[in-house]
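Okay, so here's the structure we're looking at.
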Amino acid sequence: MRSLPTPVLALLVAAAPLAAQRPLDVPHNATLAYIAFPNAVHREAEVAVTFRDVPTGPLEVRMARSSPGRYAAHDFAKNVYGVRASDADGRPLAVERVRPNVWRVSGHRGTVRFAYTLFADRADGTYAGVDRTRAHLNIPATFAYAPALAERPVYATFVAPDSTWRIATQLQPTDDPRVFRAPHLQYFMDSPTHLGALDIREWQVGPAESRQTVRLALNHLGTQDEATRFTDLTKRVVNEMAAVFGEFPRFDFGTYTFVACYRPNCAGDGMEHRNSTSLTSSGSLAQSSAQLLGTVSHEFFHAWNVERIRPASLEPFDFSDANMSSELWFAEGFTNYYGPLVIHRAGITNTAQYARQISGAINTLTTHPGRRYFGPVGMSQQAPFVDAATSIDPNNRANMFISYYTYGEGIGLALDLTLRARGHTLDEVMQLMWRRFGAQTAGYAPARGYTVADVQMAVAEVARDSVFARDFFRDYIYGSELPPYASLLARAGFLLRPAASQEAWIGDTRLSAFEGEVVVAGPTTYGSPMYEVGLAAGDRILTLDSTAIATTEDVARVLSGKQPGTQLRVTWQSRAGEMSGTMRLRGNPRLEVVPYEDAGRKPTAEQLAFRRAWLGSRQR
């Protein structure tokens with residue numbers, strides 16, 4: 001165990017309860033969480049959590065293994081060291097590590113002060129990042145907790161190393177600007193917190209009789225003008241998003257906070273929470289505003305869909321293990337559909353840009369071999385293996401997995417256009433799901449979670465046709481059939497067409513070149529010429545059409561000018577030795593969506609009316 005300087009140890013033992021007790025009326029059984037950054041230059045934080053009125057017997061203290069909004073396990077205990085515990089009088093207590101993320105503290109006489117050093121060097125929505133420029137904290141990655149005391153309120157004290165730093169969080173403020181309150185553990189763990197030189201912009205939303213505050217807290221290196229423009233764009237997205245549902249959620253404590261760190265030392269991420277979202281990127285407001293705004297739009301939609309319209313499988317969230325859900329195609333995928341749609345409805349992108357946006361999901365669902373194995377439900381259940389999960393063994397996701405974000409986006413598009421052809425909309429489905437599952441709360445949680453069957457019922461009610469809903473879910477949700485995108489898009493005057501069908505194509509698997517060797521960098525995809533000829537991950541291509549291959553440019557030169565259907569001889573070095581075969585080139589299967597106007601076609605008045613009804617602003 002690493003020894004700590006005496007002043008730091010004394011600070012952790014004494015200051016945590018004192019900071020929370022000053023003028024505050026703190027319940028006697030509240031958990032007191034404390035964090036300071038005396039060694040921020042080396043990415044360390046000092047953390048102390050004081051548990052009071054602890055029942056007789058050993059207290060189990062844990063670090064979380066998972067985090068709200070993430071579905072895989074991340075084992076945050078790996079960055080915790082220097083663990084020690086004491087009682088109310090500062091007397092050391094026995095600490096036994098019984099599992100990798102679990103400690104048992106004995107002999108406490110009712111109070112346990114659990115302290116440790118945290119290494120924190122990844123500022124994103126999952127982990128914690130500390131240095132001299134900011135502290136971006138995901139709470140499950142930062143604070144230990146006692147499962148037996150989960151229903152008690154938490155008072156958290158954040159001590160900034162720089163007096164100019166400000167604090168942004170969805171936690172309830174108190175009279176002490178350093179101290180914030182959570183009603184219980186679930187809310188505390190769902191509350192990302194940022195300390196830094198924040199540029200905070202606030203505005204009011206909602207009707208006059210129930211005004212609420214939306215706060216954009218920016219830690220960035222841009223200019224004030226750039227921040228103002230980004231704030232204005234965010235306001236437009238926020239208002240247009242509320243128009244989808246017809247109202248804003250009732251934010252706890254009356255405020256929603258975008259906790260945004262856009263600095264080179266932040267990792268790209270967006271993570272939704274009940275009354276806030278964590279936004280991180282190494283991009284700048286000047287150069288990456290479109291991408292950053294896309295994340296803002298996606299995450300704010302989650303204030304309704306996921307945080308309040310919440311799958312029953314995710315409530316309450318289990319911090320001790322990965323969380324599997326069959327509904328992520330709706331929770332994440334339909335959110336992915338609405339993110340760019342709302343930006344377009346807000347007038348920020350044009351019709352051609354939006355067409356390019358939806359091309360991606362259609363391409364994936366049309367060309368990816370993963371639909372042979374799973375539909376949206378099955379892909380959702382893969383989340384614990386793919387949602388920033390870590391492993392060292394190779395996988396075959398190139399052939400068996402389509403992101404539930406992308407799959408759900410494509411299904412959301414198909415369902416919306418199908419409903420519109422029947423005189424209804426996906427907006428109506430979302431509004432019904434909101435009224436039935438999201439608008440009513442039980443404390444700080446949804447009153448009722450939904451299942452896949454509940455979504456099907458909502459579609460049936462909106463369409464006034466249970467047979468239609470049954471068949472749609474059989475084919476496209478439980479099953480993996482491909483929606484008829486070409487005919488659906490044609491109703492709105494959009495053309496779905498091959499983007500490069502005359503381009504000779506051997507597959508999308510990346511080729512890697514190093515020191516005169518070209519290697520297949522991953523699994524080749526089912527149905528591609530490389531797959532059919534027998535090329536596999538790790539194989540080294542020796543010759544193509546009798547040309548020696550030493551660089552990826554060599555491959556491109558051989559393919560240049562070749563027509564689909566051409567047969568080329570290929571030799572390669574595999575695990576079984578040198579191999580050869582004849583590879584038949586295919587046309588590139590990539591598709592694109594373009595407005596009729598850009599394809600030399602004139603849309604009809606009916607098509608333009610359909611398009612306006614779909615893509616036009618919902619604000620009155």
Matching entry among Tyr444, Tyr373 (being surrounded by fewer than 16 Cβ atoms within 10 Å (Cβ to Cβ) and in contact with a His (Cβ under 8 Å, 6 or more places away or on another chain)): Tyr444
Test: residue in the stretch 107-125 that is free of Cβ contacts under 8 Å to residues at least 40 places away in the same chain and basic (Lys, Arg): yes
Any pair with Cβ under 8 angstrom, 6 or more apart, that starts in the stretch 370-389 at a residue that is within 11 Å of Arg70 (Cα to Cα) and ends at one that is in a helix (DSSP H, G or I): Ala383/Leu328; Ala383/Tyr404; Val386/Arg397
Matching residues, the stretch 506-530, being within 20 Å of Thr566 (Cα to Cα) and surrounded by 20 or more Cβ atoms within 10 Å (Cβ to Cβ): Ile506, Gly507, Thr524, Ser528, Pro529, Met530
Residues that are in a loop (DSSP other than H, G, I, E, B) and either free of Cβ contacts under 8 Å to residues at least 12 places away in the same chain or of a type outside the set (S, T, N, Q) (or both), drawn from the stretch 95-106: Pro100
Pairs with Cβ under 9 Å, 6+ apart, first in the stretch 488-511 and under 29 Å from Tyr531 (Cβ atoms), second acidic (Asp, Glu) and surrounded by 16 or more Cβ atoms within 10 Å (Cβ to Cβ): Leu496/Glu592; Arg497/Glu592; Pro498/Glu592; Ala499/Glu592; Ala500/Glu592
Complete set of residues in the stretch 592-620 that are aliphatic (A, V, I, L, M) and part of a helix (DSSP H, G or I): Ala599, Ala605, Leu608, Ala609, Ala613, Leu615
Subset tally (residues that are in a loop (DSSP other than H, G, I, E, B), surrounded by fewer than 18 Cβ atoms within 10 Å (Cβ to Cβ) and among the β-branched types (Val, Ile, Thr)) for the stretch 37-87: 1
Residues (among the small types (Gly, Ala, Ser), surrounded by fewer than 22 Cβ atoms within 10 Å (Cβ to Cβ) and over 21 Å from Val377 (Cβ atoms)) located in the stretch 316-354: Ser320, Gly347, Ala352
Residue within the stretch 339-361 that is in the same structural domain as Arg620 (by TED's automatic domain parsing), closer than 28 Å to Asp75 by Cα, among the charged types (D, E, K, R) and at pLDDT 95 or above present: no
Residue within the stretch 200-208 that is aromatic (Phe, Trp, Tyr) and outside the structural domain of Ala286 (by TED's automatic domain parsing) present: no
Options Glu226, Glu240; residue that is surrounded by 21 or more Cβ atoms within 10 Å (Cβ to Cβ), in a helix (DSSP H, G or I) and at pLDDT 95 or above: Glu240
In the stretch 572-597, the residues that are within 19 Å of Gly347 (Cβ to Cβ) and surrounded by fewer than 16 Cβ atoms within 10 Å (Cβ to Cβ): Glu597
So Glu307, is it part of a helix (DSSP H, G or I) and among the charged types (D, E, K, R): no
Qualifying residue in the stretch 367-374 (condition: within 21 Å of the chain's Cα centre (by Cα) and under 30 Å from Ile343 (Cα atoms)): no
Criterion (surrounded by 24 or more Cβ atoms within 10 Å (Cβ to Cβ), outside the structural domain of Pro68 (by TED's automatic domain parsing), in contact (Cβ under 8 Å) with a residue 12 or more places away in the chain and part of a helix (DSSP H, G or I)) met by exactly one of Ser297, Ser313: Ser297
Helices (runs of 4 or more DSSP H) completely within the stretch 392-478 that count 1 or more residues being of a type in the set (Phe, Trp, Tyr) and modelled with pLDDT of 95 or more: 404-421, 466-472
Positions within the stretch 554-569 being in a strand (DSSP E or B) and either out of contact with any Pro (no Cβ under 9 Å at 6 or more places or on another chain) or not hydrophobic (A, V, I, L, M, F, W, C) (or both), in sequence order: Gln567, Arg569
Tally of residues being more than 23 Å from Lys235 (Cα to Cα), hydrophobic (A, V, I, L, M, F, W, C) and not in a helix (DSSP H, G or I) across the stretch 320-356: 2
Filter result (touching a residue at least 60 places away in the same chain (Cβ under 8 Å) and buried (at least 20 other Cβ atoms within 10 Å of the Cβ)) within the stretch 453-483: Val455, Tyr476, Ile477, Ser480, Pro483
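The values are calculated or read from the model by the stated rules, or taken from the named source; none is laboratory data. Since the structure is predicted, the reported quantities are computational estimates derived from the model, not experimental observations. For neighbour counting, all protein chains shown are included, and Cβ atoms are generated from backbone atoms with ideal geometry for every residue, glycine included.
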